[in-house]
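**Student:** Pasting a structure here, questions to come.
Each reported figure results from applying straightforward, stated rules to the coordinates on display, with no laboratory input. On a predicted model such as this, the values are computed, not experimentally measured, just so you know. Every residue, glycine as well, gets a Cβ built from its backbone with ideal geometry; the counts of neighbours run over all protein chains shown.
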Amino acid sequence: MPERIRIPSVGRAHDELLQTMEGFRKGDADWRDGRTWSLVYYAGEAHHELIQKAASLFFTENALNPMAFRSLKRMEAEVVQMSASMLNGPEGCVGTMTTGGTESVLMAVKAARDRARAKQPWIRNPEIVVPSTIHVALDKAAHYFGMKVRYVDVGPDFRADPAAMARRINRNTVLICASAPQYPHGVVDPIEAIGAVAKQRGIPFHVDACIGGFLLPWIEKLGYPLPVFDFRVPGVTSISADIHKYGFAAKGASVILYRDMSYLKHQFFVSTDWSGGIYASPSMTGTRPGGPIAAAWASLAGMGEGGFLEHTDRAMKATARLVAGLRALPEVQVYGEPDATLVAWGAKAAVNKGGVNIFAIADRLQEQGWTIDRQQNPQSIHCTVTSNHESVIDDYLRDVRVAIDHVVANPEVAASGNAAMYGMMAKVPLRALVKQSVMGVMETLYGTSIEPPEPNKLGDGNAGPLMKWMNEHGATIDAALDKFEAARGKIFGKKLGSRS
């Protein structure tokens, strides 16, 4: 084991440190040039410098005490009000900022649980009803707060099924959730129909608009057809929306909005007996960095409606070009009819029926310098399109064509690297084994090693027996899994994205 890194006995020169840190970035994703299809939302250098300066102005301030830093409380309140206006919140609409979409979803779930405790104390095992495509942050929230999630399979268009969701509601249901849009395929769930169910049953209904909250309103204003998704639906009681996504703010900044204070108050935490004094917190975190709050305020005020409309128009046109280009390729297909700027595409036919291996294509694109997001159920590549991608659409489509040709000419590449790992792990029916392997990867990533593993070597190290079997008997296991999947499809029928 290499010697543990220690704090230096004498501090290093600042210029030297900054130069070293710049060197650390050499292997990072290339987001400025549009070759990264997620994680970073870039609205140009002028806006980037604005939010950097805004964050630096309030770099040290702490929103834990809103009376000490009244400037942060003011900016947070204005961000909440601007967001509520954009999402058609009623006059009493309230909310808070959070560190990101996951915390916003955590807060919505926590508030629903605690509201049920106050109003329906006989519910001992609270449950949530969601479509199978709901963001995994909901799973995390239920895991943290000791709740059960009832998943409902989506339809062939990848949208939630309101009638099926209604059938899953029972006396323990304390929350219903849906997406606008859902992340995997970019389609907006039928919020109006689900909202009617929630209203009739008297159950809170959360819309996860983390990725679409600062995008869909402008798509609608540009005249694109879009289902109603926000507080205009009477049954909607809360909405989460990330400012650090299409709001182009600094990480991490999100809002969680509620129809009125009767919901938000259940998000708060108050302790009156601590020896350190009375403690009150509006969200998960204690210390609340001032930088992201200030940068979010500056982003919304600096961008303005005109700026958001311009960037959304450019992103939608880039998305249309991407979708048209992918649909022109005979080997692949776009899944669903995206309502916004999220695109999922995969093989038109299964590998065992002459189709291309989408994960092998992903590996090839990664080798060509693209940062790739892989999905399952169905196996696909995901692209989150922004205005920053308009100049690279043609390059991407050209490289996709090259990658397809390479995989067709060299089918053996599907049996190695990430293609083999992702492909087989997506098929393994015993998900506990997959979880064990992923836990092993996490242990490797967050263990004592300083250098992270290469992306194509994530299966090395402490990855459990499943990964070992795959490495030793990959082709045999893959063929057996294909036969199992075919048999299961004949007996039970194929379900899209089942998580139950």
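**Student:** Would you work out which of Asn65, Ile239, Gly276 lies farthest towards the positive end of the dipole of region 54-301, given +1 charges on the beta-carbon of Lys and Arg and -1 on that of Asp and Glu, about the Cα centre?
**Tutor:** So the residue furthest toward the plus end is Gly276.
**Student:** Which of the aspartates and glutamates could a cross-linker bridge to Lys110, judged by Cα under 19 Å and excluding same-chain residues fewer than eight apart?
**Tutor:** Qualifying aspartates and glutamates at Cα under 19 Å: Glu127, Asp139, Asp208, Asp242, Asp260.
**Student:** Could I ask something else about it? Could you list which residues have their amide H under 5 Å from that of Val152, counting only those 5 or more apart in sequence or on another chain, with H placed in the peptide plane?
**Tutor:** Val130, Ser132
**Student:** Report, in listed order, any pair from Lys26/Lys317; Lys140/Lys265; Lys73/Lys265 with a Cα-Cα distance greater than 28 Å.
**Tutor:** Distance filter (> 28 Å) returns Lys26/Lys317.
**Student:** How large is ³J(HN,Hα) for each residue in region 226-232, as worked out from phi by the Karplus curve 6.51 cos²θ - 1.76 cosθ + 1.60 (θ = phi - 60°), to whole Hz, x for Gly and Pro?
**Tutor:** 8, x, 5, 9, 10, 5, 5
**Student:** For Glu78 and Asn352, calculate 0.36 nm times their separation in residues minus their Cα-Cα distance, and state this gained length in nm to one decimal.
**Tutor:** Taking 0.36 nm per residue and subtracting the Cα distance, the gain is 93.1 nm.
**Student:** Work out the FRET efficiency for Arg12 and Gln52 from their Cβ-Cβ distance, taking R0 = 22 Å, and round it to the nearest 0.05.
**Tutor:** FRET efficiency, Arg12 to Gln52: 0.40.
**Student:** Under unit Cβ charges (Lys, Arg +1; Asp, Glu -1), what dipole magnitude, rounded to 20 debye, does region 1-116 have relative to its Cα centre?
**Tutor:** 400 debye
**Student:** Dipole magnitude of region 54-301 about its Cα centre, charges +1 at Lys/Arg Cβ and -1 at Asp/Glu Cβ only, in debye to the nearest 20?
**Tutor:** The calculation lands at about 660 debye.
**Student:** If we sort 63-74, 81-92 on the protection proxy, mean other Cβ atoms within 10 Å, highest first, what's the order?
**Tutor:** Packing proxy ranking, top to bottom: 81-92, 63-74.
**Student:** How much length is gained if the chain between Lys140 and Arg70 is pulled fully straight, taking 0.36 nm per residue apart and subtracting their Cα-Cα distance, in nm to one decimal?
**Tutor:** Full-extension gain reported as 21.9 nm.
**Student:** For region 65-71, take each phi angle, set θ = phi - 60°, evaluate the Karplus expression 6.51 cos²θ - 1.76 cosθ + 1.60, and give the result in whole Hz per residue in order, putting x for glycine and proline.
**Tutor:** 10, x, 7, 6, 10, 5, 4
**Student:** Describe numerically, in nm with one decimal, the distance between label points set 7 Å from Cα along Cα→Cβ at Phe268 and at Asp157.
**Tutor:** So the two model labels end up 4.2 nm from each other.
**Student:** Calculate the length of the line joining the C-alpha centroid of region 200-270 to that of region 153-167, in whole Å.
**Tutor:** 21 Å
**Student:** Using a Förster distance of 41 Å, how high is the FRET efficiency between Asp395 and Lys221, based on the Cβ-Cβ distance and rounded to 0.05?
**Tutor:** 0.85
**Student:** If you don't mind, another one. Suppose R0 equals 51 Å; then what is the FRET efficiency for Asp30 and Ala118 from their Cβ-Cβ distance, rounded to the nearest 0.05?
**Tutor:** Working from the Cβ atoms, E equals 0.55.
**Student:** Provide the packing ranking of 288-301, 349-362, i.e. peptides ordered by the mean count of other C-beta atoms within 10 Å per residue, highest first.
**Tutor:** Per-residue Cβ counts within 10 Å, averaged per peptide and sorted highest first, yield 288-301, 349-362.
**Student:** Could you rank the peptides 244-257, 40-53, 364-377 by their average count of other C-beta atoms within 10 Å per residue, with the highest value first?
**Tutor:** 244-257, 364-377, 40-53
**Student:** Pull out the extension gain between Gln200 and Ile169, defined as 0.36 nm times the separation in residues minus the alpha carbon to alpha carbon distance; nm, one decimal.
**Tutor:** In short, 10.0 nm is gained.
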